[in-house]
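All remarks here apply to the structure that follows.
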Amino acid sequence: MKKSIYVLTLLIFFLGISGCNIPPVGDMKSIASASGVKESNMDTPDSSSGLHTYEIQDRLHESMPEYRFVATGVVQGEDEWMYGFVMGLNVYDNNGESILSADFSEILDGEVSGYHVYNGMMDTMGLHITDANFDGYKDVIILNSFGGAHSNTWYDCWLWDPKTSSFAASKSFAEICNPALDVQKKCIYSAGGSGAAYWGGSIYKFIDGEYVLTNELDTDWYGLVERELVNGKMEIVREVSYREDNQILEREQKYYRDNDLWQLDRPHWYWSGGHHADQWLGGE
């Protein structure tokens, strides 16, 4: 499930925007978090609109030096429900050399735009340094889309390969709606709002270098279908019809709240995107 990209116009007052124009670290206000990770924000004089930069300094592994992760974007206006644009991502090693450079800008109808996301997420642009594939090394993710009736979120992801000492883009991660990482179970929960009757979700695991759907709970007004990956294929393992019988519906919802696999009452299952995702993208 992937949200359609909205076509909006933006008057760009600077040329050649590519996400690579990064201000010096000394020009930024640095904040040290409790974990020792440093965060920085760099706005234009009018922080409500214009070019926006957000930086994190972190280590991919305790044995590695500290790297700089810099996101750039454009904020439009003061309304948090207006669209801004995530324009680019750059990662620099401890010597200041670029080891990852991603440009999200594109030209539509003669105007420059990027990833369309609500202004409410432009403060951090969804930039997280986290172990997304549970291999002991942190990876980098950034917002790809944020919006729609349920404010769902999708992220681009680059996985760190310790063998090649480089990042590789993960297309399969980018297809996961509202991802929440579970380090203990080594899986990712996905619950995207798709209608008033929907209360299910999906579970992904990292298998052979890809994020694979292993469990799915599809629900609507009439019933539910639970599927599980068996011998490489998704097979139905449970199916219930409740239609207008609220007692059966409530029974089934309780069953999946208490179920050890699903535990649908856990906050990991967030049906509204945005900053709700932040605490679950750290793998807690």
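The values are calculated or read from the model by the stated rules, or taken from the named source; none is laboratory data. Note that the structure is a prediction, hence the values are computed from the model and not measured. We place every Cβ from the backbone using ideal geometry, glycine too, and count neighbours over all the protein chains shown. Accessible surface is based on the protein model in full, side chains and every heavy atom, while ligands, DNA and RNA are left aside. Shrake-Rupley method; radii C 1.70, N 1.55, O 1.52, S 1.80 Å.
Pick from I188, I236, I203: which is among the β-branched types (V, I, T), farther than 27 Å from A168 by Cβ and out of contact with any His (no Cβ under 6 Å at 6 or more places or on another chain)? Matching residue, one of I188, I236, I203: I236.
Does segment 247-268 contain at least one residue that is within 18 Å of the chain's Cα centre (by Cα), at pLDDT below 95 and either farther than 27 Å from M121 by Cβ or surrounded by 14 or more Cβ atoms within 10 Å (Cβ to Cβ) (or both)? Scanning segment 247-268 turns up at least one residue that is within 18 Å of the chain's Cα centre (by Cα), at pLDDT below 95 and either farther than 27 Å from M121 by Cβ or surrounded by 14 or more Cβ atoms within 10 Å (Cβ to Cβ) (or both).
From the list A168, A180, which one is more than 30 Å from W221 (Cα to Cα), in a strand (DSSP E or B) and among the small types (G, A, S)?
Checking each option against the conditions leaves just A168.
For the residues K185, K163, K171, the requirement of being more than 12 Å from the chain's Cα centre (by Cα), over 25 Å from Y67 (Cα atoms) and modelled with pLDDT of 90 or more singles out K185. Within segment 102-131, restricting attention to residues that are assigned to a strand (DSSP E or B) and under 25 Å from L181 (Cα atoms), the residue that is most open to solvent (accessible area, probe 1.4 Å) is Y115. Scanning segment 224-250 for residues that are part of a strand (DSSP E or B), over 14 Å from W262 (Cβ atoms) and not acidic (D, E) gives L229, V230, K233, M234, I236, S241. If you scan segment 64-90, which residues turn out to be open to solvent by 30 Å² or more (accessible area, probe 1.4 Å) and within 15 Å of D139 (Cα to Cα)? P65, E66, R68 - these are the residues of segment 64-90 that are open to solvent by 30 Å² or more (accessible area, probe 1.4 Å) and within 15 Å of D139 (Cα to Cα).
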